[in-house]
Amino acid sequence: IIREIKDEIVQIRRKIHSNPELGFEEYETSSLIADYLKKLGIHTQTNVAKTGVVGLIRGKEEGKTLLIRADIDALPMNEENGFEYASKNKGKMHACGHDVHIAILLGVAKVLNQLKDSFCGNIKLVFQPAEEAMGGALPMIEEGVMENPKVDGAAAYHVWNYPSGTIGIKSGSITASPDHFNITVTGKGGHGATPENCINPLEIASRITTRLNNIKLETPGLVTICSIIGGTGENIIPDTTLIRGTARALDPDTRQRLYNMIVDISNEEAKKLGGAVDIDYRFLYPPGINDEMMVALFEKAAGEVIGEEN
């Protein structure tokens, strides 16, 4: 069946690639997905968490429910490729492969729908909006995507730079929590010729940055400062400086520890020089942690299909 539908799936992917839409704006993309599922006779829900789509394939008898998820949004960037199916929407591009993810899951839908009389249980097909930064999974969960029927196991996937025909998978932590923070350092501005009369927030920010960038833990985790904004001239000490960065960890304890260290180090360095800090810390997605049993099931199935060496 896969060989028979390959060209069709390729064309779907290219159509989606040429019409990218950003998070919670995926109206045409959602419409394409829903139309395809409905033509297959698959029960389809639309407008789940605004632009999400959910399909349900019921097997020959009652049984467990497997959820398979694809993300559907694009990135806010211009495409510079010359392909005939390059983005037609200025400032938007499927640079992260979500067009591929959609096409794959639509192919899975077509295959499993044809085979539904050969398995028990249900396949729930989840097309999730707003994966990039805004987080479309939680709104879908809050709107009941894990229920009716209750989900027993879930799988997601991502194209990556492995050799074609191979799969990478592991149990346990697979992706880090990508938390973001802004640290506003407040000092006392003045003339660059009289620093003794000032509290230089840039100096405080540089000390904070050096210490945060040099955090070393025994568990995987890091802090990266990606932006420092402050000052308006060569001889003017500003009142404030903004530090922006990200903290990443593969387990919840390390994640919390990094937060505590960022808060403590920032306050310590500001206090040494008589300044102050205000920290806006955003806990975004938790670490992605694969279930061992699900990984074992997947490895067994994948080994039978593409060979364990792949």
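Take the residues in region 257-302 that are among the hydroxyl-bearing types (S, T, Y) and within 28 Å of I174 (Cβ to Cβ); name whichever of them is least open to solvent (accessible area, probe 1.4 Å).
Restricting attention to region 257-302, the residues satisfying the condition of being among the hydroxyl-bearing types (S, T, Y) are 259, 266, 281, 285.
Within this subset, residues satisfying the condition of being within 28 Å of I174 (Cβ to Cβ) are 259, 281, 285.
Numbers: Y259: 66, Y281: 32, Y285: 78 Å².
Among them, the one singled out is Y281.
Do you know which of the residues in region 118-143 that are open to solvent by 30 Å² or more (accessible area, probe 1.4 Å) and assigned to a loop (DSSP other than H, G, I, E, B) is nearest to K64 (Cα to Cα)? Taking the candidates together, the pick is C120.
All of (1) surrounded by fewer than 20 Cβ atoms within 10 Å (Cβ to Cβ); (2) assigned to a helix (DSSP H, G or I); (3) in contact (Cβ under 8 Å) with a residue 24 or more places away in the chain; (4) not aliphatic (A, V, I, L, M) hold for T29 with one exception: (1).
Among residues of region 147-168 that are free of Cβ contacts under 8 Å to residues at least 24 places away in the same chain, those with a Cβ under 9 angstrom from a residue that is of a type in the set (G, A, S), sequence gap 6+ or separate chain, pair up as W160/G97; W160/G168; Y162/G168. Here region 203-216 is the region considered, the condition is being touching a strand residue (DSSP E or B) at 6+ places or on another chain (Cβ under 7 Å) and buried (at least 16 other Cβ atoms within 10 Å of the Cβ), and the residue that is farthest from A270 (Cα to Cα) is I215. Which residue out of V159, V100, V111 is crowded, with 18+ Cβ neighbours inside 10 Å and at negative phi? Only one candidate passes the filter, namely V100.
The values are calculated or read from the model by the stated rules, or taken from the named source; none is laboratory data. All of these numbers come straight from a predicted model, not from anything done at the bench. Note: ideal-geometry Cβ built from the backbone for every residue, glycine included; neighbour counts use all protein chains shown. For accessibility, only protein heavy atoms count, side chains too; no ligands or nucleic acids. Shrake-Rupley method; radii C 1.70, N 1.55, O 1.52, S 1.80 Å.
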